[in-house]
Amino acid sequence: MRIDILTLFPEMFAGPLGESIVGRAAREGRVEILLHNIRDWAHDRHRTVDDYPYGGGAGMVLKAEPLGAAIEAVRRMGRPAPVILLTPQGRLLRQPLVEELAGRPRLILVCGHYEGVDERVRLLHVDEEVSIGDYVLTGGEVPAMVLVDAVVRLLPGVIEGASLEQESHHSNLLEHPHYTRPATYHGLTVPPVLLSGHHAEIVRWRRHQSLRRTLLRRPDLLEEAAITPEERAFLEELRREVGLQGTAQQASSAPPRLLLATNNPGKVREYREILRDLPATLVTPADLGLDLQVEETGQTYTENAILKARAYAQAAGLVALADDSGLEVDALEGAPGPRSARYGGQRNSRTRYQLLLKQMEGLPEARRGARFRCVIAIATPAGRVYTTEGVCPGRIAREPRGSGGFGYDPIFWLPGQGKTMAELDPEEKNRISHRGRAGRKAIPLLREVLGV
Ligand code: 4H6
């Protein structure tokens with residue numbers, strides 16, 4: 001393929017088109033890129049290419065005369081080719097258009113500058129107008145480089161055929177996640193299926209991830225996606241799970257989604273109640289089919305909460321709320337603290353609190369002071385983070401009481417209530433608990449980041 005580029009700044013192209021895959025394709029003769037300086041067709045003393053706009057206004061306009069002459073001269077230099085002007089008003093460059101252009105033996109690209117080009121050049125000398133996206137740039141050079149890059153990689157022999165076929169836009173679906181070594185990075189592990197060696201399972205997982213991502217991020221693409229009836233059913237199920245109605249982008253009136261980054265059903269229940277007045281749809285990792293194993297490697301509640309919120313927000317592309325909480329016992333110098341859920345290496349919450357009761361054995365009321373502390377982190381997909389904290393003072397009971405709540409609740413005595421945390425009804429618990437307090441403080445922040 002031959003690509004002619006008309007520009008006022010031919011030097012801009014050397015880097016992007018000389019390096020890497022496009023550079024190699026050119027060296028191998030798979031593409032020939034010819035740069036032409038529009039100024040070479042300006043024949044006045046100052047080689048003028050621009051002029052003031054008729055009707056006034058800021059900036060300059062590319063003059064019709066040198067540009068029109070340049071285009072026609074370049075056109076005559078070889079076989080027939082479409083003249084394509086890169087402009088914000090053009091047809092949007094998407095993969096099908098790239099594929100179409102990659103099938104042509106020759107392209108002529110025209111890079112406009114200043115405020116634009118004289119309208120008569122478009123009418124007389126331009127065949128097609130292409131835009132690389134809905135934003136304004138200072139010139140058409142970067143869009144031309146984008147177009148060349150996208151086209152050249154599709155030319156025979158430039159990229160291994162297999163990697164082109166698998167790629168996202170081929171099927172109108174977004175790409176599945178990719179992982180390489182190490183197996184654990186900042187506490188985030190690789191999904192086990194990818195290490196399983198089950199090729200069919202891996203293909204299926206990747207396809208599901210592609211479908212899920214497309215549904216969550218670019219539902220508009222699904223309308224043209226090549227999907228089997230089984231996959232349609234899978235998407236329908238996913239839509240129900242995540243509370244999406246149709247394939248179209250959620251209407252702006254639909255409440256935004258907030259991801260509760262916890263797998264603890266007790267916590268989920270509490271947050272649904274605490275955040276009841278927040279106009280948002282609360283979803284859980286399970287709702288999204290997300291299973292991140294975030295290692296809580298932080299030394300503090302705040303670090304751990306941020307670690308979780310960040311990982312989930314990034315993985316789901318949603319605002320995520322995570323918490324870390326613990327019990328601080330004065331007689332134990334604040335232990336179990338941030339390691340409450342792993343205290344004494346016990347996996348079961350009952351053996352954990354029994355261990356603690358034993359350590360407190362015989363201590364008088366005055367030495368049984370304790371508090372529950374909860375830190376909430378809110379993370380946005382872009383990586384912004386906010387935190388709030390809530391504390392609930394109390395004492396370590398002599399023996400467990402009550403069947404509500406979870407964790408250390410049965411041994412946490414609330415003198416004001418005359419009950420343990422596990423004996424409170426859910427509403428009362430949320431009113432005074434560390435989580436309820438931190439959660440209510442989070443509401444104004446959540447309103448802000450969710451825009452509600
Ligand atoms: C032609 C006409 C393409 C070229 C006008 C070009 C964005 C894209 C340009 C202009 C471009 C794109 C000059 C109009 C600067 C706005 C060069 N910007 N502009 N999205 N700019 O593909 O002012």
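What follows draws every value from the coordinates through simple rules; no lab data is involved. Computed from a prediction, not measured in an experiment: that's the story for all the values here. Glycine also receives a Cβ, built like all others from the backbone with ideal geometry; neighbour counts cover every protein chain displayed.
Before moving on, here are some points about what is shown:
- Sites SER163 and HIS208, calculated FRET efficiency, Cβ-Cβ separation with R0 22 Å, nearest 0.05: 0.60
- Table column - 3J(HN,Hα) (Hz), the stretch 281-287, Karplus curve with 6.51, -1.76, 1.60, x for Gly and Pro: 8, 7, 10, 10, x, 4, 4
- Each principal axis of the Cα cloud of the chain was evaluated for its coordinate range; sorted largest first, these ranges are 100, 56, 39 Å.
- Database remark: amide H of LEU35 closer than 5 angstrom to the amide H of ILE5 (H placed geometrically; neighbours at sequence offset of 5 or more, or on other chains; Pro and chain starts carry no H).
- Based on Cα atoms of the stretch 257-450, Rg over Rh with Rh as the Kirkwood radius reads 0.97.
- For the stretch 2-163: span of alpha carbons on each principal axis (Å, largest first): 54, 32, 28
- One chain, two ends: ASN37 and THR184. Fully extended at 0.36 nm per residue, the span grows by 47.8 nm beyond their Cα-Cα distance.
- Cα gyration tensor shape of the stretch 201-351, rounded if a/c is under 1.5, else prolate or oblate by comparing a/b with b/c: prolate
- Applying 1/(1 + (r/R0)^6) with r as the Cβ-Cβ distance of ASP220 and ALA331 and R0 = 60 angstrom yields a FRET efficiency of 0.50.
- Evaluated on the stretch 5-86, the Kirkwood hydrodynamic radius is 14.8 Å, with distances taken between all distinct Cα atoms.
- For the stretch 29-125: relative contact order, % (alpha-carbon pairs under 8 angstrom, 6 or more apart): 31 percent
- Note: relative contact order over the chain, using C-alpha pairs below 8 Å and six or more positions apart, is 10 percent.
- The chain - charge dipole about Cα centre, Lys and Arg +1 at Cβ, Asp and Glu -1, debye rounded to 20: 1640 debye
- Partners for LYS441 among lysines (Cα-Cα distance below 24 Å; same-chain residues under 8 apart left out): LYS267, LYS308, LYS429
- Expected 222 nm ellipticity per residue - DSSP helices of 4 or more, -39500 (n - 2.57), all of the chain, to 500: -10500 deg cm²/dmol
- Calculated FRET efficiency, SER196 to GLU365, Cβ-Cβ distance, R0 = 45 Å: about 0.25 to the nearest 0.05.
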